[in-house]
Amino acid sequence: QVQLVESGGGLVQAGGSLRLSCAASGRTFSIYGMGWFRQAPGKERVFLARIGRTTGITSYADSLKGRFTIARDNANNRLELQMNSLKPEAPAVYYCAASSDLYPSTSNDYQYWGQGTQVTVST
């Protein structure tokens, strides 16, 4: 198993930037594909980005349009999400997740989740 702890959330103005981090412990971090998801109150969890185990291959939700960057540091068991040009929206919790699947595609393919970190983008 792997344990995940997110940090870096907070309040930011629209147009600003925020960097989220996810610290992993437990099993070897590099065996997991990693992803970031967002969930607003009363809404379904939404995929934002994912990154491969060791290839560094990334994939993003179309809505992000190059504003977000996912990165991982396998040596230090960390995952990050750099968020730029943030748009005003309802507060949401951002989650990092780990998958032992070879090609995770939906949230159901991720077996391990952090507790989340809240992000609020104000106008």
Of everything in the stretch 53-72, what is open to solvent by 80 Å² or more (accessible area, probe 1.4 Å) and of a type in the set (K, R)? Give them in sequence order.
K65
Of all residues being within 18 Å of T54 (Cβ to Cβ) and of a type in the set (S, T, N, Q) in the stretch 99-111, which is surrounded by the most Cβ atoms within 10 Å (Cβ to Cβ)? Just the residue, please.
S99
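Just for strands (runs of 3 or more DSSP E) wholly inside the stretch 1-49: which have at least 3 residues that are open to solvent by 50 Å² or more (accessible area, probe 1.4 Å)?
2-7, 18-26
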Which residue is farthest from R67 (Cα to Cα), if the candidates are limited to the stretch 1-28 and must be modelled with pLDDT of 95 or more and among the charged types (D, E, K, R)?
E6
Residues of the stretch 4-42 being free of Cβ contacts under 8 Å to residues at least 40 places away in the same chain and of a type outside the set (G, A, S), which ones?
R27, T28
Within the stretch 36-71, the count of residues that are out of contact with any helix residue (DSSP H, G or I) (no Cβ under 8 Å at 6 or more places or on another chain) and either closer than 17 Å to V5 by Cα or not small (G, A, S) (or both) comes to 21
Mind listing just one residue for me: the one in the stretch 112-123 that is outside any loop (DSSP other than H, G, I, E, B) and within 14 Å of the chain's Cα centre (by Cα) and, of those, surrounded by the most Cβ atoms within 10 Å (Cβ to Cβ)?
V119
Applying the selection to the stretch 73-98, what residues are touching a residue at least 60 places away in the same chain (Cβ under 8 Å), part of a strand (DSSP E or B) and open to solvent by 50 Å² or more (accessible area, probe 1.4 Å)?
E80
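The values are calculated or read from the model by the stated rules, or taken from the named source; none is laboratory data. Bear in mind the structure is a predicted one, so any value in this text is a computation, not a measurement. We place every Cβ from the backbone using ideal geometry, glycine too, and count neighbours over all the protein chains shown. For the accessible areas, the whole protein counts, side chains as well, though only heavy atoms, and no ligand, DNA or RNA atoms are used. Shrake-Rupley method; radii C 1.70, N 1.55, O 1.52, S 1.80 Å.
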